[in-house]
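So the structure is just underneath, and the comments pick up after that.
The values are calculated or read from the model by the stated rules, or taken from the named source; none is laboratory data. What you see is a predicted model; the values in this text were computed from it and never measured. FYI the Cβ positions are ideal-geometry reconstructions off the backbone, even for glycines, and counts take in every protein chain you see. Heads up: the accessible areas ignore ligands, DNA and RNA and are worked out on the full protein's heavy atoms, side chains in. Shrake-Rupley method; radii C 1.70, N 1.55, O 1.52, S 1.80 Å.
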Amino acid sequence: MSKLYIARNPRAAARSLDGEMMIMSSRDSTLFTLNKTATILWQSADGATPLDEIVEKRICAEFEVAPTEALADAHTLARELAGHAILQISETPITTPKPPFGDKR
Amino acid sequence: MAQLTTEIERLSLIIAIGGMPVRVHTSDPDFLNLLQNRYAGFISDADRAEIEFDVELQEPKAVDPDADVEVGYHFGRWWLRRGDFRAEWEPAARRGWIRQTANPYSIDAVLRIVHTLVLAQQGGFLLHSASAIRNGKAFLFAGVSEAGKTTISRLAPLDVTLLTDEISYVRRRGDGYVAFGTPFTGELAKVGENVSAPISALYLLAKGRENRIDSITPGEATRSLLSNMLFFAKDEELVQAIFHAAFEFVSRVPVARLTFVPDARVWGLIG
């Protein structure tokens, strides 16, 4: 499995409430409530740390889960969130955010 | 010499919902009369409107009754369209136009959309909910179709002022929120009173075998609120505004689940 880098999309609306992380896609208004592992992924999505490293150091260290299984789940989730423009994913480090879409008020 | 042109008389009225005056211009006296009847109680004699719309009436033609509403923003203008209307609105100029046939439903949809766009910039929103005032406090009753919005409105005792049985108008004011009456009706087909009051609580409706109020988590309250907000535009800034408005509302207004049997005793729990 190739390296994958993930970065929070600054255009996604995100807020934590009583420990629950909720994120709404600015593209299609889909609302996600993240579970604990998904929240860790979101919080760790700095564009510079590879996904396998996040899984190993943040998820496997905290939860009793096999690294291979955890990484596969993380890949699936990252791609799903990327499909809703909540995460940016890339096989190379993500250093600059994408320019805004749509014209501004 | 005989006059070669005929000046078209320009007629207008102001429809003020949620305290926001919108002037509608038309050249058709019958359409003006239709609007006066449709929005009775919400016609204002204000000198100045916040938005002006020119309505161009068109001949009836076949339209897709199931066509979804589409709303977008481009080069300083909002564009709105559905099978039965086209409209544009330029916020900076406070002007717009509506092309539709002579019916009350198209302009009603345009007004709902425009109010959601304006409110979103101010931390407010329209909500799929009934609302009513009791003892100077407003209560909202949210739910999807068949959840009981019309039922609880119909059961309201005489000391309750009904604001709407379908679409509530919520405006941010100071540290709290205010609910306004709207002419947007549901099954009850009764226009709300054009009054307002501070919102005391939002209840998420559920029909059951007893009357009871149950607390819910802030997360559930926020999700339910978001799912009941009227929201038309696929627009990044608007999504952000609506999303954060829901969190702000939940942090300032009590939200609970109201389970009720369909009789008037439920109002013993309200107010």
*What single numbered condition from (1) open to solvent by 50 Å² or more (accessible area, probe 1.4 Å); (2) under 18 Å from B:GLY176 (Cα atoms) fails to hold for B:LYS207?*
(2)
_Filter result for A:ARG15 (among the basic types (Lys, Arg) and either over 29 Å from B:PHE247 (Cα atoms) or crowded, with 17+ Cβ neighbours inside 10 Å (or both))_ = no
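Results for (1) part of a helix (DSSP H, G or I); (2) under 30 Å from B:TYR73 (Cα atoms), shown as yes or no for each residue.
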{"residue": "B:SER224", "(1), (2)": "yes, yes"}
{"residue": "B:LYS234", "(1), (2)": "no, yes"}
{"residue": "B:LEU238", "(1), (2)": "yes, yes"}
{"residue": "B:HIS244", "(1), (2)": "yes, yes"}
{"residue": "B:PRO262", "(1), (2)": "no, no"}
{"residue": "B:VAL266", "(1), (2)": "yes, no"}
*Select from segment A:36-72 the residues that are open to solvent by 30 Å² or more (accessible area, probe 1.4 Å) and within 12 Å of the chain's Cα centre (by Cα) and write down the one among them that is nearest to B:GLN240 (Cα to Cα).*
A:GLN43
*In segment A:40-89, what count of residues is obtained for those that are in a loop (DSSP other than H, G, I, E, B) and modelled with pLDDT under 95?*
10
*Consider B:ALA138 against the criteria (1) small (Gly, Ala, Ser); (2) in contact (Cβ under 8 Å) with a residue 40 or more places away in the chain; (3) loosely packed, with under 14 Cβ neighbours inside 10 Å: it satisfies all of them except one. Which criterion is unmet?*
(3)
*Do you know which residues across segment B:58-103 are crowded, with 18+ Cβ neighbours inside 10 Å, more than 14 Å from every other protein chain (Cβ to nearest Cβ) and within 17 Å of B:ARG23 (Cα to Cα)?*
B:ALA87, B:GLY96, B:ILE98, B:GLN100
*Taking interchain pairs and intrachain pairs at least six residues apart, which have beta carbon atoms under 7 angstrom, with the first residue in segment B:217-232 and more than 7 Å from chain A (Cβ to nearest Cβ) and the second open to solvent by 40 Å² or more (accessible area, probe 1.4 Å) and among the charged types (D, E, K, R)?*
B:LEU230/B:ARG112
*Taking A:ILE6 and the conditions (1) in a strand (DSSP E or B); (2) within 14 Å of chain B (Cβ to nearest Cβ); (3) in contact (Cβ under 8 Å) with a residue 40 or more places away in the chain, which numbered condition does it fall short on, given that it satisfies the others?*
(2)
